[in-house]
Amino acid sequence: MRKKTLLATGLLLASSLALAQTPYPEDATYRALGGKEGIKKITDTFLELVLADPRIKDNFADFDIPQVNQRLQEQFCEYAGGPCKYTGKYRDKTMDGVGTVRDMKSVHIDLKITDAMFNALAEDLQLAMERHGVSTYASNRLIAKLAPMQRDIVTAAAPPAPTRPDMGRLLATGGVSTVEGSGGGGISPWALITGYGTRDSWGGNAHYTRVQTQDYSLGTRGVAIGVADRLELSVARQDFQGDLAPLNLLRIQQDIVGLKVKLTGEAVYDQDRAMPQVALGMMYKKNKGISGLGALGVTNVKQLGAKDDSGYDYYLSATKIWLERSLLVNGTLRATKANQMGILGFGGDQGDHVKLQPEISVAWLAHRTLAIGAEYRRKPHNLGVDPEKAYYDVFAAWFPNKNMSVTAAYANLGTITVFNPKTQKGWYLSLQVGM
Ligand code: HEM
C-alpha cells in the first residue's frame with residue numbers, strides 16, 4: 001500500500017515536472033496577449049485601472065501618462081517575446097546623442113514604492129488582462145517576467161506601525177489553513193506566511209474545517225496571524241469524533257500552537273531564481289483526552305499505547321511558485337512522533353523516536369482566484385492499535401477576494417484503528433475569513 005502511495009506521488013510529481021519543462025514557442029505569450037494591438041488595449045485598460053486605484057493613483061499625478069503607456073507597451077511586448085524593444089523615455093544623453101535607457105530602478109527610485117504598491121499595480125495588470133480575455137496561463141507568464149523587478153522598484157517601507165493590515169500581497173499567496181492551523185494546503189504547512197500582510201504590515205485570519213469520512217469526523221477551528229511576511233503564529237483546536245457504534249460517543253480534542261519563520265526566498269518575486277521560499281516551523285500539541293469510552297475505562301491516549309499526550313512537531317518547508325507554468329509545489333519534511341497528528345498521542349508500543357516524514361503538495365494555479373491540487377503526507381506508525389497510513393487529498397481552493405477562501409477536498413485518511421479496517425475517505429470543507 002505504501003509503495004502504491006509513493007508511486008502515485010512520484011507520478012504526480014513527475015507529471016508536474018514534465019509539465020514544467022514542456023517547451024513553448026518564445027512568442028507564445030505575445031500571441032496570447034493579442035500581439036501589438038492586444039497589448040495596446042491591455043495597457044490602456046491597465047492605466048485606466050491604475051489611475052482609478054486609490055492605493056496607487058496619486059503616484060501618477062504629475063506624469064506624462066501617454067508616454068508611460070507607450071513605454072509599457074514596448075516593455076510588455078518585449079518581455080512577452082514579441083518583436084519590440086523597450087526604448088525608455090529617459091536617456092542620459094551623451095555627446096553622440098545615443099545615451100542609455102534608464103533602468104527600472106532609476107525610473108522609480110524617487111517614487112518611494114512599497115511592496116503593497118507594487119502588488120497593487122500587478123493586480124491591476126492581472127485584471128486588465130482578464131478583461132481582455134487573456135488566459136490565466138499567459139497572464140501568469142507575463143507577471144512572472146515582471147515580478148523580479150520588485151527588487152529594483154520597491155525601495156521604500158510603508159509608514160511605521162500601520163493600524164490596519166495592508167492586505168498588500170497577491171491573492172492566494174497566503175495559502176489556506178491546514179487542519180493543524182498553520183498556513184499552507186489542507187494537510188501540509190507551506191513556507192508561505194499566512195494572510196496578506198507585506199513585509200510592512202501583518203494579516204490575520206480565522207478558519208473552520210470539517211473532514212467527514214464514513215465513520216469519523218474531524219473539525220478544526222483556529223486563528224492565525226502573519227507578521228511582516230516573516231513570522232506566523234497560529235492556534236487551533238481539533239475535535240475528532242466517532243460516528244459509528246460502538247464508537248459513536250468517542251470524542252478526542254487536541255490544542256495546537258504553531259510558529260513559523262520564513263528563512264529565505266520570495267515565493268512570488270523570485271521568478272528568475274531556482275531558490276524556493278523556505279520556512280522553519282514548530283507545532284506544540286496538547287491532547288486533551290478521550291471521552292465516550294468511559295465504559296472501557298479509557299480517558300487518555302496513553303491507555304491506547306501512546307507514550308505521551310503532548311509533543312512537538314518541527315518542520316522545514318520549501319514552496320516554489322512557478323508563475324511561468326502556473327504551478328505551486330511545496331515539499332515539507334516533518335520531524336514528529338505524533339500518531340494521527342497527535343489525536344492518538346505521541347510515540348507508542350511500535351516506536352517512540354522522532355521520525356522524519358515527507359509531505360508534498362502540488363497545485364495548479366488555474367485562475368487568479370482558483371488553485372486545484374493534490375497533497376500527500378506520510379506519517380509514522382507508532383501504535384499497535386493503529387495501522388497508521390499516509391494522508392492524501394485532492395483539493396480545489398477558491399479565493400473570491402482577500403477576505404475569504406473556501407477549500408473543498410476529497411481526503412483519504414487511511415485506516416485509523418485495527419478494530420475498524422476500513423480506509424477512511426471523505427469530504428473536506430474549509431472556510432477561512434481574514435483581514
Ligand atoms: C512590475 C511593476 C512595474 C513595471 C513593470 C513598471 C514599468 C514602468 C515603465 C516601463 C515606465 C516607463 C519608464 C520610461 O518612461 O521609460 C514606468 C514609469 C513609471 N512608473 Fe512604473 N512600473 C512598475 C511599477 C510601478 C509602481 C508600483 C508604481 C507606483 C505605484 C509606478 C509608477 C510609475 C510612474 C509614476 C512612472 C512615470 C515615471 C516618469 O515618467 O519618470 N510603477 N514604469
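Report the far tail of the P(r) of segment 330-433, meaning the percent of Cα-Cα pairs longer than 24 Å.
Numbers: 1806 of 5356 pairs.
Percent of Cα pairs beyond 24 Å in segment 330-433: 34.
Distance between the pseudo-spin-label points of ALA245 and ARG31 (7 Å out from Cα toward the beta carbon): 6.6 nm. Backbone N atoms of segment 99-140 closer than 16 Å to the 7 Å Cα→Cβ label point of LYS57 belong to residues 120-121, 124-125.
Seen against the Cα atoms of the chain and their longest principal axis, helix 35-52 is set at about 80 degrees. A viscosity of 1.002 mPa s and a temperature of 20 °C, combined with the Kirkwood radius over Cα pairs in Stokes-Einstein, give a translational diffusion coefficient for segment 259-392 of 129 µm²/s.
Principal axis analysis of the Cα atoms in segment 163-289 yields extents of 56, 34, 24 Å, listed in decreasing size.
Calculated on the Cα set of the chain, radius of gyration then Dmax: 24.6, 95 Å.
Scale the Cα Rg of segment 190-236 by the rule-of-thumb value 2.2 N^0.38 Å and send over the ratio, two decimals. Relative to the 2.2 N^0.38 Å estimate, segment 190-236 comes out at 1.43. In segment 354-415 the Cα-Cα distances spread across 10 Å bins starting at 0 as 21, 38, 26, 14, 2 percent of all pairs.
When the surface is traced with a 1.4 Å probe over the full set of protein chains, ARG210 keeps roughly 100 Å² accessible. Among the protein heavy atoms, those of GLU26 account for about 150 Å² of accessible surface (1.4 Å probe, every chain in place).
Of all accessible surface on the chain at a 1.4 Å probe, what whole percent is carbon and sulfur? Could the numbers behind the result be given before it?
On the way: 12030 of 19400 Å².
Accessible surface attributable to carbon and sulfur in the chain totals 62 percent.
Across all Cα atoms of segment 277-335, the radius of gyration (one decimal) and Dmax (whole number) stand at 18.6, 59 Å. Remark on segment 116-167: Rg and Dmax equal 13.5, 40 Å (Cα only).
May I ask you to list the trypsin sites (Lys or Arg not before Pro) in segment 251-291 that are in a DSSP loop and have at most 11 other Cβ atoms within 10 Å of their Cβ?
Working: sites: ARG251, LYS260, LYS262, ARG273, LYS285, LYS286, LYS288; in loops: ARG273.
Hits after loop and neighbour filter: ARG273.
Every pair of different Cα atoms in segment 221-289 enters the Kirkwood calculation, which places the hydrodynamic radius at 14.6 Å.
When the Cα positions of GLN350, TYR376, PRO400 are compared along the charge dipole of segment 292-415, PRO400 comes out farthest toward the positive end, with charges on each C-beta of Lys, Arg, Asp and Glu. Charge dipole of the chain (Cα centre as origin; +1 on each Lys and Arg Cβ, -1 on each Asp and Glu Cβ, all else neutral): 860 debye, rounded to the nearest 20. Taking Cα atoms only, the orientation of helix 65-79 departs from the longest principal axis of the chain by about 60 degrees.
The values are calculated or read from the model by the stated rules, or taken from the named source; none is laboratory data. Every value quoted in this text rests on a predicted model; they were computed, and no experiment measured them. No Cβ is skipped: glycine too gets one built from the backbone with ideal geometry, and neighbour counts run over all protein chains shown. Each accessible area value is taken on the protein alone, full model and side chains, heavy atoms only, with ligands, DNA and RNA left out. Shrake-Rupley method; radii C 1.70, N 1.55, O 1.52, S 1.80 Å.
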